[in-house]
């Protein structure tokens, strides 16, 4: 069973719920993440609404440096070129976007969760074929099992030392709001009890 993230058209930049692009919804006092390599502000990739996470609903937000692609080690969860952050879903407000840096995708893309009774790669292929759409209209998957391109790299929580829970797999998306994942896939994880999250990509 797979929950595909189907492209649902352009949405408001501050839309609630799961989307790619736009402006992240964040708690008061939020500081926009910066890259540990180049020092520039990171690009906001996705906002993932996770209902029923212990003990309440959460939002996981994913950022990645795109100021100098390929030179800031943005593919690894520990090297400082990307950040995944988890917040309680209540009381969030649109972030103040930095004035400089590659911070936003060209479009905020809505997501229509679509359940298909197949493993992810087969579900992605079959749904695209039967619906007569490009695979780029499938923005990834929510929960389930990651479809690794280079082997299992599930992160461990730095607080409790337990494997993190899989939140979502991201694909490059439509040409209108493409995420630069080196032609591969991105993987988002979280440890909700500890308030930790991580992101990496493989190609």
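Quick one: would you say residue 188 is closer than 15 Å to residue 83 by Cβ and touching a residue at least 40 places away in the same chain (Cβ under 8 Å)?
In short, yes.
So, in segment 16-42, exactly how many residues are touching a strand residue (DSSP E or B) at 6+ places or on another chain (Cβ under 7 Å) and either more than 18 Å from residue 62 (Cα to Cα) or surrounded by 16 or more Cβ atoms within 10 Å (Cβ to Cβ) (or both)?
14
Take residue 72 and tell me if it is modelled with pLDDT of 95 or more and either more than 21 Å from residue 15 (Cβ to Cβ) or in contact with a strand residue (DSSP E or B) (Cβ under 9 Å, 6 or more places away or on another chain) (or both).
So residue 72 does not fit the description; no.
Which ones in segment 118-133 are in contact (Cβ under 8 Å) with a residue 40 or more places away in the chain and touching a helix residue (DSSP H, G or I) at 6+ places or on another chain (Cβ under 8 Å)? Talk me through it step by step, then tell me what you get.
Here is the first cut: in segment 118-133, the residues in contact (Cβ under 8 Å) with a residue 40 or more places away in the chain are 118-120, 123-124, 127.
Of everything in segment 118-133, those that are in contact (Cβ under 8 Å) with a residue 40 or more places away in the chain and touching a helix residue (DSSP H, G or I) at 6+ places or on another chain (Cβ under 8 Å) turn out to be 118, 124.
Could you list all residues from segment 77-122 that are under 15 Å from residue 187 (Cα atoms) and buried (at least 16 other Cβ atoms within 10 Å of the Cβ)?
Listed by number, the residues that qualify are 77, 81, 82, 83, 84, 85, 86, 120.
Cβ-Cβ under 6 Å, sequence separation 6+ or interchain: first residue in segment 58-85 and touching a residue at least 24 places away in the same chain (Cβ under 8 Å) and at positive phi, partner assigned to a loop (DSSP other than H, G, I, E, B) and surrounded by fewer than 24 Cβ atoms within 10 Å (Cβ to Cβ). Which pairs?
Note: pairs meeting the criteria are 73/79; 80/36.
Tell me which residues, restricted to segment 118-149, are farther than 21 Å from residue 199 by Cβ and out of contact with any strand residue (DSSP E or B) (no Cβ under 8 Å at 6 or more places or on another chain).
Residues satisfying the conditions are 122, 125, 129, 130, 131, 132, 133, 134, 135.
Taking residue 163, is it surrounded by fewer than 21 Cβ atoms within 10 Å (Cβ to Cβ) and modelled with pLDDT of 95 or more?
yes
The values are calculated or read from the model by the stated rules, or taken from the named source; none is laboratory data. Keep in mind that this is a model prediction, so the values were computed, not measured. Using ideal geometry, Cβ is built from the backbone for each residue, glycine included, and neighbour counts are taken over all protein chains shown.
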